[in-house]
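Trainee: Right, I'll just put the structure down here and ask away after.
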Amino acid sequence: QVQLVESGGGLVQPGGSLRLSCAASGSIFSINGMGWYHQAPGKQRELVATITSGGSTNYADSVKGRFTISRDNAKNTVTLQMNSLKPEDTAVYYCKAHVVLLTTRLEYQYWGQGTQVTVSS
């Protein structure tokens with residue numbers, strides 16, 4: 001019913017930048033919260049940043065001042081601008097959206113398939 005497709009991952013040197021994008025499509029009435037999470041090998045998935053439909057943001061302490069989350073409500077997209085990347089940022093990054101379905105007007109949580117970010121020299 002709803003698909004989230006991420007793009008923008010890749011290999012970057014320490015200190016570099018990457019921009020991740022996530023587009024939601026399908027039977028969407030509206031989208032409430034959206035966010036980015038990451039999961040490093042052998043670790044649990046962790047919150048990176050979230051943004052409400054009104055634009056309020058929340059960041060993990062480890063990325064404050066380096067990452068910026070934004071969204072385009074008209075296009076159902078969320079973006080994560082990552083600057084000053086560190087090797088410890090290496091992980092699979094997933095987007096999440098709380099979607100109100102067109103058919104039921106009920107809210108469900110959806111995840112993207114993930115995109116790999118590797119920070120290495």
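The values are calculated or read from the model by the stated rules, or taken from the named source; none is laboratory data. On a predicted model such as this, the values are computed, not experimentally measured, just so you know. Heads up, the Cβs are rebuilt from the backbone with ideal geometry, glycines too, and the neighbour counts pull from every protein chain shown. Note: areas computed on protein heavy atoms with side chains; ligands, DNA, RNA excluded. Shrake-Rupley method; radii C 1.70, N 1.55, O 1.52, S 1.80 Å.
Trainee: Kindly provide the trypsin sites (Lys or Arg not before Pro) of the stretch 4-97 that DSSP labels as loop, not H, G, I, E or B, and whose Cβ sees at most 14 other Cβ atoms within 10 Å.
Mentor: Answer by residue number: 43, 64, 75.
Trainee: P(r) for the stretch 7-51: what percent of alpha-carbon pairs falls in each 5 Å bin, starting at zero?
Mentor: Cα pair-distance distribution for the stretch 7-51, in percent: 5, 13, 19, 24, 21, 9, 6, 2.
Trainee: Need the C-alpha centroid separation for the stretch 7-43 versus the stretch 68-120, integer Å.
Mentor: Taking the Cα centre of the stretch 68-120 as reference, the centre of the stretch 7-43 is 4 Å away.
Trainee: Report the FRET efficiency, 1/(1 + (r/R0)^6), for residue 113 and residue 29, where r is their Cβ-Cβ distance and R0 is 25 Å, rounded to 0.05. Numbers along the way, then the final one.
Mentor: On the way: r = 23 Å, r/R0 = 0.92.
So, using R0 = 25 Å, E works out to roughly 0.65.
Trainee: Another one. For the stretch 90-100, take each phi angle, set θ = phi - 60°, evaluate the Karplus expression 6.51 cos²θ - 1.76 cosθ + 1.60, and give the result in whole Hz per residue in order, putting x for glycine and proline.
Mentor: 4, 4, 8, 9, 10, 9, 9, 9, 9, 9, 8
Trainee: With an 8 Å cut-off on Cα pairs and a minimum separation of 6 or more residues, tell me the relative contact order of the chain in percent.
Mentor: 36 percent
Trainee: What length, rounded to one decimal in nm, is gained on full extension from residue 70 through to residue 44, with 0.36 nm per residue of separation minus their alpha-carbon distance?
Mentor: Additional length available on full extension: 6.9 nm.
Trainee: Also, quick follow-up: Inverting the mean 1/r over all pairs of different Cα atoms, compute the Kirkwood radius of the chain and quote it in Å. Intermediate results must be reported in sequence, preceding the final value.
Mentor: On the way: mean 1/r = 0.0693 Å⁻¹.
With all distinct Cα pairs of the chain included, I get 14.4 Å.
Trainee: Applying 1/(1 + (r/R0)^6) with R0 = 30 Å to the Cβ-Cβ distance of residue 7 and residue 101, what FRET efficiency is obtained, to the nearest 0.05?
Mentor: Details: r = 24 Å, r/R0 = 0.80.
The calculated FRET efficiency here is 0.80.
Trainee: Report Rg (one decimal) and Dmax (nearest whole number) for the stretch 69-121, counting Cα atoms only, units Å.
Mentor: Both quantities, over Cα of the stretch 69-121: 14.6, 49 Å.
Trainee: While we're on this one: Under a point spin-label approximation (7 Å from Cα along Cα-to-Cβ), what is the residue 57-residue 81 distance to one decimal in nm?
Mentor: Once both label points are built, they end up 0.8 nm from each other.
Trainee: Would you kindly find the accessible area of residue 21, with a 1.4 Å probe and non-protein molecules such as ligands, DNA and RNA excluded, rounding to the nearest 10 Å²?
Mentor: About 40 Å², ignoring ligands and nucleic acids.
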